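Colleague: Supplied in structure tokens, the structure appears directly below.
Read the figures in this text as sums done on the coordinates, not as results from a lab. On a predicted model such as this, the values are computed, not experimentally measured, just so you know. Every residue, glycine among them, receives a Cβ derived from its backbone with ideal geometry; neighbour counts consider all protein chains shown.
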Amino acid sequence: MSKTDILSLKMAFALVVFCLPSWLSAADISLSAKVSQSQIPFETCDTLSVILSWSGPPFAYQIDQFPQPILEKFKVLGSSSTVSSRPDSTLPESEVTTRIMQYVLEPVDYGTGVIHPLTIKATDRATGKVHDLLTGKITVDIAKPIPREKGNSSSTSFILIIATVVVVGGGLGWVFFIRHKKGIEKAAPDLRYVDRLEEIKKDTVADNKLFYARLYRLLIDYLEKEQSLPFSGKTGQEVINALKEHEDKTEIKAWLNQALEIKYRPDTPSSSEVEDVYQAVLAYLKEKA
């Protein structure tokens, strides 16, 4: 190769080096950290911002993943990251890139909260140089928790007590009402038989024999349900014989016997006869009621 060729190559290499982007040369890079508030109430959160800034475009440096901060009296609720660049004519690179990592911190105790230094590695893509960047230690004063107002707690407790009393009282009142209602029904069960007797009288105005037949069924029903006497399936004569053992049922036995006799009589009983029996049975049922 001639001296002329060698000289040409040297000039071409120098031209290439001269034309390389300016960001490939050594650029300044810095790391800092700050909090939004140095004194906070226990009930609020603070924000930690880790700021990485360098001269050059965003791709000038390869940044390792931002580490999770080591904290005292804080815990991380969440994080977010942003990257931006802006022109700067005062710099050889004519551009400044800023990458910000933000952490939302929630107090877990009161006193002095501590954010220990963070280390980040940044590798210059042009030179391969690794920069170990370190933030400073940050402290935050966390106030004591505000105690809950006793008045509100007392009011809440009072309302709960009142509500409990109302619910329990309402339940007991309902139980007493049901028992009282049942007691009334149990204390005057014969009123139902009085009503039934009056209905029988109205329905059998034109048939006196039918009156005695239905009266017999009413009296048997009364003895079974109200006097607990088992007469189901027994004949009329068997019922009469069984009532001989119950001296307090003499009147009922006489009415039943009369109803049985009229059932087999060829003639129809008179209206006055029916009226006498009706009035006697009605007075008996009302007296028992």
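Colleague: So what are the ³J(HN,Hα) numbers for region 46-55, from phi and the Karplus equation (6.51, -1.76, 1.60; θ = phi - 60°), rounded to whole Hz, Gly and Pro as x?
Modeller: 10, 10, 9, 10, 9, 10, 10, 9, 8, 8
Colleague: Still on this structure, I have one more. First obtain the Kirkwood hydrodynamic radius of region 191-288 from its Cα pairs, then insert it into the Stokes-Einstein equation at 10 °C and 1.306 mPa s, and state the resulting D in µm² per second as a whole number. Walk me through the numbers before you get to the answer.
Modeller: On the way: Rh = 13.7 Å.
Taking Rh from Cα pairs, D becomes 116 µm²/s.
Colleague: Using DSSP to call loops (not H, G, I, E or B), can you name the GluC sites (Glu not before Pro) in region 206-267 whose Cβ has at most 13 other Cβ atoms within 10 angstrom?
Modeller: E245
Colleague: Taking θ = phi - 60°, what integer Hz values does the Karplus form 6.51 cos²θ - 1.76 cosθ + 1.60 yield along region 281-289, in sequence order, with x for Gly and Pro?
Modeller: 5, 4, 5, 5, 5, 5, 5, 5, 5
Colleague: Ok, one more. At most 16 other Cβ atoms within 10 Å and a DSSP loop assignment: could you name the chymotrypsin sites (Phe, Trp or Tyr not before Pro) in region 69-134 that fit? Could you put the intermediate results ahead of the total?
Modeller: Working: sites: F74, Y103, Y110; in loops: Y110.
Of the chymotrypsin sites (Phe, Trp or Tyr not before Pro), the ones in loops of region 69-134 whose Cβ has at most 16 other Cβ atoms within 10 Å are Y110.
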